[in-house]
Amino acid sequence: MASPPVLTPAERESAGKAARRRAPRSVQGRWEPRPDRPDPVEIIQEEDRNRVPDLIPIRHGRMLASAFTFYRGAAGIMAADLGVTPRSGLDVQLCGDAHLSNFGAFAAPDRRLIFDINDFDETHPGPFEWDVKRLAASFSVAGRDRGFKKREAREVVTTAARAYREEMRRLAAERNIDVWYERVDIEVIEQYRSQVSHKVARNFDKARAKAESKNSMRAFTKLTREEDGELRIVSDPPLIVPIEELVPKNKLKEVQTGLIELVDQYRGSLAPDIRYLADRYRFVDVAHKVVGVGSVGTRCWIVLMLGSDSNDPLFLQVKEAGPSVLAPFASGGRYKHEGRRVVEGQRLMQAASDIFLGWLTNEEGIDGGRHDFYVRQLWDGKGSAQIETMTAHTMGLYAQLCGATLARAHARSGDPIAIASYLGGGDKFDGAMNDFAEAYADQNERDYEAATAAVESGRLKAERDI
């Protein structure tokens, strides 16, 4: 396939101006549900069809803990809404679920903590503004959840949108290779220390130390036990269920042999140099593990591998990958394998990615179905912001960080000059994102109430506090 022609900066800037005619920035701020808008409960039920039936009530229970947790699990609902809004035509590799809880810290291959987007289950090409709207609305929903005043919540959303716009305009002036090397090391966040209280600074230090210690050795200590001289993953149903509790004893050896073959298949998706490293680990055990909010009910496994001995463990997470929620509404997807779609999207958007990212296909799972998966390290310096304790001030600082990070991720695959030209130097786009975020936060509350009523009527089943 021939590469697209390389346009001049003037042509790229003109493309951004032309996008304003297709989708004026003021139009981006409008949200009003159409008369034929899909029932949000039906969207949830449709997503449930491909999930593990016994875990679906847990998913509903986690989503319905609050309007904020509902928003976290409602990427499919919002994708259907975004799919009918005006489009700029300035496409990038989208995260697809860029809410504020899907940003955080993790260890780069050089073992330094960096801050970046850290969830790519829904990644897909599409118009850049879809991610920005998802992020902006998440801050509006979070502000309400934290009890912020309306003015405070709007300031937080404005900060996120402004940070995205200003960072994109800065990146538009950078050399292409410098944009690619951009990343946010955790030390960069130290610049905010003078702007927060001593308590917040101490909490940050504790969170950083916890993230730095969160690795396969810690997972090994917490998630394994020794039984009859053999290492096994602990059982904690329904959240962690070892494979021997899921299949009949007379089928266990056959299943384990199949699992070793799947691990070999995964190794084949790795870069040749990383394959040498992965080949030094042998398969030991596997268990099903419930994760996240919206991901509950997907087939997600943890795999214990050992190198030289028990002091050399490698814990992998093998997570089912279905079609992106954006796929029905956006073209441009390159990969038929959904696990590879996630991995390649992550590599394209992140400044640095887990070296063990890979994918596999289980042609006949224990449920008899075919499933695509992607693979990554289970714990690799992962740390998340404590949204539930943030003040309006600290959330504003976090919004600045997330907005700029999203811009950097988009600039890697999109055209920063064209997008910057579309955004402009004034605050028109910022205001539009604020208007959209507030209107969509209202919509989210209505959808949350509809889902809650569906549980009360028996239309949905929910198990809470699990």
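Key figures
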read-out: Volume in Å³ per residue [convex hull over Cα atoms, computed for the range 349-426]; value: 186 Å³
read-out: Footprinting exposure proxy for K149, K133 (fewest neighbouring C-beta atoms within 10 Å first); value: K149, K133
read-out: For the chain, size of Cβ-based charge dipole, Lys and Arg +1, Asp and Glu -1, in debye; value: 1200 debye
read-out: Over the chain, relative contact order from alpha-carbon pairs under 8 Å, at least 6 apart, %; value: 32 percent
read-out: Cα→Cβ-extended label distance, 7 Å offset, between E230 and K149, nm; value: 6.4 nm
read-out: Distance-filtered residues of the range 245-259 - backbone nitrogen under 19 Å, label point 7 angstrom along E364 Cα→Cβ; value: 246-259
read-out: Shape parameters for the range 216-377, alpha-carbon atoms, Rg then Dmax in Å; value: 16.0, 53
read-out: Selected from L246, V290, L262, residue furthest toward positive end of dipole (the range 206-314; charges at beta carbon); value: V290
read-out: D (Stokes-Einstein, µm²/s), Kirkwood Cα radius, the range 14-91, 1.567 mPa s at 4 °C; value: 87 µm²/s
read-out: Alpha-carbon centroid distance for the pair the range 323-379 / the range 226-247, whole angstrom; value: 26 Å
read-out: Pairs beyond 22 Å (Cα-Cα), from K214/K249; K214/K319; K319/K382; K150/K428; K251/K336; K133/K428; value: K214/K249; K251/K336
read-out: Part-to-part distance (alpha-carbon centres) for the range 392-449 and the range 251-297, which is given in Å; value: 37 Å
read-out: Nearest-ten-degree value, helix 249-267 long axis tilted from longest Cα axis of the chain; value: 50 degrees
read-out: Estimated vicinal HN-Hα couplings, Hz - the range 55-66 in sequence order (Karplus 6.51, -1.76, 1.60; Gly, Pro = x); value: 9, 4, x, 5, 4, 4, x, 5, 5, 8, 5, 6
read-out: Lys/Arg +1, Asp/Glu -1 at C-beta; the chain dipole; positive extreme among W379, L326, V156; value: V156
read-out: The range 79-117 and the range 19-78: distance between their alpha carbon centers, rounded to Å; value: 17 Å
read-out: Relative packing of peptides 28-35, 314-321 - highest average C-beta neighbours within 10 Å first; value: 314-321, 28-35
read-out: Sites D185 and K253, calculated FRET efficiency, Cβ-Cβ separation with R0 51 Å, nearest 0.05; value: 0.60
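Where a number appears in this text, it was derived from the coordinates with a stated rule and is not lab data. Since we're looking at a predicted model, the values are computed, not measured. Please note: Cβ atoms are built from the backbone with ideal geometry, for glycine as well, and neighbour counts cover all protein chains shown.
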